[in-house]
Amino acid sequence: MPASLLEVKPASGASPTRALLLRRFLEAYWLRPENALWMALRSEALVRVAFTRPSIDLGCGDGVFSFLHFGGVFDPAFDVFTAVDHLDRVRDAHADMFDSGADRYRPRIISRPADAIDLGSDCKPAMLAKAAKLDFYARLVEHDNNNPLPFDDASFAIVYCNAAYWVREIDRFLAELGRITQPDGRVVLQVKLDAMRRYTLEAHRHVLGDRFLDIIGRGRVDCWPTLADRSTWEGRFVQAGFSILEVTPFVTRTHAHLWDIGLRPIAPQLVRMANALSPATRAEIKRDWVDLFCELLSPLCDPALDLFTGHDEPAEIQYVLRVR
């Protein structure tokens, strides 16, 4: 069946649920509101999938996305920037500010998700240490997805990954996903398309210069070695032995253009400044900041929103796959 016949068109129009989801992601990622918007869109697409158990979250990172998606609630005073490091090396060394500080990480939880994910895996020990403090995953495993997965055949009913485009050995990885999925199970992948390259300022390098693009990009595209167009992704899935059950585009070129710069260039300075404030002052500023960005981003928090004319590929798509 052609993929176009499988495509799920996201519903348009903001809803109270969508607004609440955006606020919760903004409270967690307030100093990077463009990331909060992307995660809210990703979460809305994922709502379509029933997570039967046993389940696995491959590339779970610190677990905050999945925790919030499944209904967890943090105290508004908590955010992911309270325990970061390498701020002096973020710009030039492309260091990950979040891959550290686990010993200082204190997520303040108001309520936990009604359900949990059986297993989370990631290649960064510090991120896994942070995920462990959520008490959301029944088990956590350190693993690099470029290597064979250390799980038995047919182990999981749901295999979820939103970072497949980070994997260099993509064909082997997809085959491994099929191997660990139960015969009646599902693989849920959220993948970026290489149309992302057109939705950035990269095309204007001749005007803006190398340094400008290095500051706003910080090597992000180099971390996505398997970006591809939609037909290539779908060809990979078929080659790996999958049937495509559902296709849900959820990030448009408009969202991608907004995300291209966002507050990324000044994020280290914003984090340093925010973390130097007294708790009371920080909480007051954060409250006003989140309120403002909720208003600004609510009209944009629609998976179908595209302000450009004509048709072009989305920036990110969710695929639900079944082993043939």
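We did not get these values from a lab; they are worked out from the coordinates using the rules stated. These numbers come from a predicted model, not from an experiment. Methodologically, a virtual Cβ is constructed for each residue, glycine included, from the backbone with ideal geometry; neighbour enumeration extends over all protein chains shown.
Under the criterion of Cα pairs below 8 Å and six or more residues apart, the relative contact order for region 3-323 equals 26 percent. In plain terms, the residue of LEU68, LEU296, LEU258 with the fewest other Cβ atoms within 10 Å comes first and the most crowded comes last, giving LEU296, LEU258, LEU68. Taking a ≥ b ≥ c as the square roots of the Cα gyration tensor eigenvalues, with a/c under 1.5 meaning rounded and otherwise prolate when a/b beats b/c, else oblate, which class fits the chain? Rounded shape, in that the Cα axes give a/c under 1.5. If you run the Gaussian network model on the chain, springs between alpha carbon atoms under 10 Å, then out of MET127, MET196, MET273 the most flexible one is MET273. Put in order of Cβ neighbour count within 10 Å, fewest first, the listed residues GLU142, GLU316 become GLU142, GLU316. Each of LEU22, LEU213 was scored by other Cβ atoms within 10 Å of its Cβ. Listed from fewest to most, they are LEU213, LEU22.
Ranking request for peptides 146-158, 275-287: highest mean number of other beta-carbon atoms within 10 Å first, then the rest in descending order.
Highest-to-lowest ranking by the protection proxy: 146-158, 275-287.
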